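The values are calculated or read from the model by the stated rules, or taken from the named source; none is laboratory data. Everything quoted here is computed from the prediction, not taken from an experiment. Here the Cβ is made from the backbone with ideal geometry for all residues, glycine too, and neighbour counts use every protein chain on show. We work out accessible area using only protein heavy atoms, side chains counted, and drop any ligands, DNA or RNA first. Shrake-Rupley method; radii C 1.70, N 1.55, O 1.52, S 1.80 Å.
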Amino acid sequence: MDECKLVILGFGAVGQGFARAVLMKKEFIKEKYGVGLKIVAVADSSSSAICADGLAEEELLKSKAISGKVGSYPDCGSDLTGTDLLDAVDYDILIEATPTNIQTAEPAKSLTLKAFAHGKDVVTSNKGHLALFYKELIEAKEAAGVEFKFEASVGGAMPIINLCQENLASCGISSIKGILNGTTNYILSRMTSEGTSYENTLNEAQHLGIAETDPTQDVEGIDAACKVVILANSVLGIDATYSDVEVRGISNVTLEAIELAKEEGYYVKLIGEVSKNNLKVSPRLVKQNSQFAIDGTLNLATVTTDLADEITVMGKGAGSLETASAMLSDLISIIKNK
């Protein structure tokens with residue numbers, strides 16, 4: 001494999017971050033692995049840019065920034081999107097970065113299955129299709145004989161899935177417990193340090209771009225619950241979907257409860273737990289000197305094993321380039337396996 005042709009579907013923050021990461025690292029990858037990366041098609045929700053000879057990452061980012069549409073790329077614009085685009089181009093790997101949809105898992109599910117049908121590998125940052133249809137997707141991937149990587153779907157830049165599947169391959173893993181959503185960790189950290197109400201802190205987070213305009217998926221624990229499902233399936237081999245997770249978010253956490261916990265030597269954190277007997281997301285008390293006492297938008301996970309005892313990892317759980325770093329690592333893993 002001297003050249004790897006990429007299609008990026010979804011060109012929001014994560015898709016653009018991936019294009020930036022390719023721009024920054026393609027020479028390094030070419031030098032180290034002997035493979036040139038070529039982006040042959042990119043699509044957002046309403047347009048696309050297609051060029052068999054390769055699209056320039058700088059021009060893709062510039063076109064999107066100026067017009068809001070990747071289809072404004074000079075001489076390469078198209079109306080093709082989604083599965084129609086995949087049918088129309090020659091590619092090796094699909095970079096799937098569309099928004100998470102926890103109701104239907106679309107368009108991620110259809111895009112992924114279409115790529116598998118083409119015999120193509122897939123790298124995704126999406127959570128919806130994995131949380132709802134993990135078993136179906138893995139069976140389709142195995143039937144197609146392709147690779148399916150999704151490190152970026154849990155914890156952003158924080159390594160957890162590949163860590164458990166590869167670095168801890170000798171270990172039996174009994175549980176994973178952690179802070180799996182950066183937005184809620186920021187809100188709870190600020191309420192603790194500044195003594196501000198939930199409503200005021202949420203407004204601050206939205207103003208800073210840390211929380212979405214509609215923050216429901218984060219603050220009600222939905223995002224963390226999706227990650228719990230993905231870890232349950234991919235690491236512990238539990239056949240679970242989103243409906244199997246007990247979910248409670250932080251919208252009812254009061255400043256009074258946080259201050260009372262602080263007086264007793266505890267912080268309140270939104271914790272996701274994965275074990276054979278427990279799939280749960282809820283606000284919990286953690287000791288102030290424990291590994292869970294992290295601030296800001298950081299994510300953290302503690303993996304309990306039989307041979308290596310506890311392994312704890314921490315990293316940025318969100319961010320355009322940070323999430324893209326996990327996707328690019330998955331891409332490099334596929335290249336190495338080829």
Checking residue 159 against (1) open to solvent by 40 Å² or more (accessible area, probe 1.4 Å); (2) at pLDDT 95 or above, the condition it does not meet: (2)
Any hit, the stretch 266-279, residues being open to solvent by less than 20 Å² (accessible area, probe 1.4 Å) and among the charged types (D, E, K, R): yes
Lone qualifier among 128, 119 - being modelled with pLDDT of 95 or more and more than 25 Å from residue 275 (Cα to Cα): 119
Checking residue 169 against (1) in contact with a helix residue (DSSP H, G or I) (Cβ under 7 Å, 6 or more places away or on another chain); (2) open to solvent by 30 Å² or more (accessible area, probe 1.4 Å), the condition it does not meet: (1)
Any hit, the stretch 289-305, residues being open to solvent by less than 30 Å² (accessible area, probe 1.4 Å), over 24 Å from residue 127 (Cβ atoms) and of a type in the set (Val, Ile, Thr): yes
Filtered residue count, the stretch 196-221, keeping only those that are part of a helix (DSSP H, G or I) and either free of Cβ contacts under 8 Å to residues at least 24 places away in the same chain or farther than 25 Å from residue 176 by Cβ (or both): 11
Odd one out for residue 245 among (1) buried (at least 20 other Cβ atoms within 10 Å of the Cβ); (2) within 21 Å of residue 298 (Cβ to Cβ): (2)
Strands (runs of 3 or more DSSP E) wholly inside the stretch 13-116 that include at least 3 residues being open to solvent by less than 30 Å² (accessible area, probe 1.4 Å): 36-43, 93-96
Residues of the stretch 172-207 classified as open to solvent by 20 Å² or more (accessible area, probe 1.4 Å) and within 14 Å of residue 279 (Cα to Cα), total: 3
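For the stretch 117-152, name all the residues that are among the aliphatic types (A, V, I, L, M) and part of a loop (DSSP other than H, G, I, E, B). Before you say what the answer is, go through the steps one by one.
Filtering the stretch 117-152 down to residues among the aliphatic types (A, V, I, L, M) leaves 117, 122-123, 130-132, 137-138, 140, 143-144, 146, 152.
Across the stretch 117-152, the qualifying residue is only 146.
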Criterion violated by residue 337 - all others in (1) crowded, with 16+ Cβ neighbours inside 10 Å; (2) out of contact with any helix residue (DSSP H, G or I) (no Cβ under 7 Å at 6 or more places or on another chain) satisfied: (1)
Filter result for the condition that a residue is within 23 Å of the chain's Cα centre (by Cα), open to solvent by 30 Å² or more (accessible area, probe 1.4 Å) and of a type outside the set (Asp, Glu), over 210, 230: 210
